[in-house]
1. List every residue pair whose Cβ atoms lie under 8 Å apart, where the two residues are 6 or more positions apart in sequence or sit on different chains, the first residue falls within region 21-44 and is closer than 14 Å to LYS57 by Cα and of a type in the set (S, T, N, Q), and the second residue, located anywhere, is open to solvent by 20 Å² or more (accessible area, probe 1.4 Å) and assigned to a loop (DSSP other than H, G, I, E, B).
Amino acid sequence: MENTDRYDADYLSKSIGSDWIDMNLFSINPDLVVVDRDQTALIRVLEKKGLDVIPLKLRHSKMLGGGFHCVTLDVRRRGTLERYFD
């Protein structure tokens, strides 16, 4: 974990996410993942393994108890399948 010092004590006292929540990532396809932009070592490892990485900031993952993978799960979907990343 990197950049954990960005959280203040009051925020941490109210958070439900684990200390490792920022390591959570979301796979868009076998070669493309979304990762917390503050996890630069993780990004380097993934890129070394041949993955393309989209570094983004998910501001309240620790407070909400879910990283990119958790907060992008469909609860209910209507309509037709759409592709957003082509």
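The values are calculated or read from the model by the stated rules, or taken from the named source; none is laboratory data. Note that this is a predicted model, so its numbers are computed, not measured. Note that each Cβ is placed from the backbone with ideal geometry, even for glycine, and that neighbours are counted across all protein chains shown. Please note that ligands, DNA and RNA were not included when accessible areas were found on the heavy atoms of the full protein model with its side chains. Shrake-Rupley method; radii C 1.70, N 1.55, O 1.52, S 1.80 Å.
1. Listed pairs, sorted by first residue: GLN39/MET1; GLN39/GLU2; GLN39/ASN3; THR40/GLU2.
Each row is one residue, and each column tells you yes or no for (1) open to solvent by less than 80 Å² (accessible area, probe 1.4 Å); (2) touching a Gly at 6+ places or on another chain (Cβ under 9 Å); (3) at pLDDT below 75.
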{"residue": "TYR7", "(1), (2), (3)": "yes, no, yes"}
{"residue": "ASP19", "(1), (2), (3)": "no, no, yes"}
{"residue": "ASP38", "(1), (2), (3)": "yes, no, no"}
{"residue": "GLY50", "(1), (2), (3)": "yes, no, no"}
{"residue": "PRO55", "(1), (2), (3)": "yes, no, no"}
